[in-house]
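*Asks:* This is the structure, below, for whatever I ask next.
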Amino acid sequence: MKLVTFRTVDRATHAGVIRDERIITLDYPSVLELLRDPEGLFRLQNILAKEDAPGPMPIAEAPLGILMPVFEAPQGKEYTLNEVVLLSPILEPPSLRDFYAFEQHVKAARAKRGLGMIPEWYEIPVFYFSNTSEVYGHDEPIPYPAGSKELDFELEIACVIGREGKDIPVEEAANYIAGYIIMNDWSARDFWRQEVKLNLGPAKGKDFATSLGPWLITPDELASRRTGSAASERYDMTMLARVNGKEISRGNFNQI
């Protein structure tokens, strides 16, 4: 499934699911509210399950008459993508943690400073807490950090935790993942270079904007790209960043 949070012309906010380039409204004010409902996705996946298939019916094959009673959406309201404004799928994440997860990136960044790889990187899933109040949606303008002359982007993938949990064993981790979202971790690179000298942070170099979107895609839709399980689980998905149509960077999620 591709789940979206969107705003209509009357400025009302809704959750929805993408089907055939159209959005079907769900009976939730946002995707976050859907994920917080213990029965939300569970109801959808089970009601859509085919009796003769091992998994749920693809959302694109589900008749509208089946979808609407699941979420009790009034009159099964549908929109085209150009009729709405796509917001961040998760409007107000309870927590936003940015991990140092790509070995190639870590090696390249340290090499530029004349440094070798950090042995502890292979042992500790290190992260910093980002600013949950400055989350922006697909194509939404972001505030340029005052005083910075080096606005930079970092193409990333956000893993959305959909269940409450703590100290989760790696063997069970996949059961807690609701889906994935394209993420742009914006950086004021000149601020950041000053901050790292102080061995704390990141601070103002990072806290002004994070972009998420356009939608959250559930793991079942990525099954054909998945290999391994638990610690060895990987997704073969090309990651591509363009600026004004020009390709700037390319990588693959299987290198995480």
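*Asks:* Does region 235-253 hold any residues that are in a strand (DSSP E or B), under 16 Å from the mean Cα position of the chain (by Cα) and surrounded by 15 or more Cβ atoms within 10 Å (Cβ to Cβ), and which are they?
*Replies:* 235, 239, 241, 252
*Asks:* All but one of (1) within 28 Å of residue 226 (Cα to Cα); (2) touching a Leu at 6+ places or on another chain (Cβ under 7 Å); (3) not charged (D, E, K, R) hold for residue 135; which doesn't?
*Replies:* Single failed check for residue 135: (1).
*Asks:* Tell me, which residue of region 198-218 that is within 17 Å of residue 127 (Cβ to Cβ) and not small (Gly, Ala, Ser) is nearest to the chain's Cα centre (by Cα)?
*Replies:* Of everything passing the filter in region 198-218, 212 is nearest to the chain's Cα centre (by Cα).
*Asks:* Can I ask one more? Name the single residue, out of those in region 1-40 being among the acidic types (Asp, Glu) and surrounded by 15 or more Cβ atoms within 10 Å (Cβ to Cβ), that is modelled with the lowest pLDDT.
*Replies:* 27
*Asks:* Continuing with this model, one more query. What are the residue pairs meeting all of these: first residue in region 221-248, first residue closer than 27 Å to residue 17 by Cβ, second residue assigned to a helix (DSSP H, G or I) and open to solvent by less than 60 Å² (accessible area, probe 1.4 Å), Cβ atoms under 7 Å, and 6 or more apart or on different chains?
*Replies:* Qualifying pairs under 7 Å: 233/174; 234/254; 235/222; 235/253; 235/254; 236/254; 237/253; 239/253.
*Asks:* Among the numbered conditions (1) within 15 Å of the chain's Cα centre (by Cα); (2) open to solvent by less than 50 Å² (accessible area, probe 1.4 Å); (3) on the phi < 0 side of the Ramachandran plot, tell me where residue 221 comes up short.
*Replies:* The single condition residue 221 does not satisfy is (2).
*Asks:* Pull out all pairs, ordered by first then second residue, where Cβ-Cβ is under 8 Å, the residues are six or more apart or on different chains, the first lies in region 77-92 and is more than 12 Å from residue 8 (Cβ to Cβ) and of a type in the set (Gly, Ala, Ser), and the second is modelled with pLDDT of 95 or more and in a strand (DSSP E or B).
*Replies:* Listed pairs, sorted by first residue: 88/5; 88/135; 88/136; 88/211; 88/212.
The values are calculated or read from the model by the stated rules, or taken from the named source; none is laboratory data. Treat the numbers as computed from the prediction; the structure is a model and nothing was measured. In this analysis, Cβ positions are derived from the backbone assuming ideal geometry, glycine residues included, and neighbour counts consider all displayed protein chains. Calculation scope for accessible area: heavy atoms of the full protein, side chains included, ligands and nucleic acids excluded. Shrake-Rupley method; radii C 1.70, N 1.55, O 1.52, S 1.80 Å.
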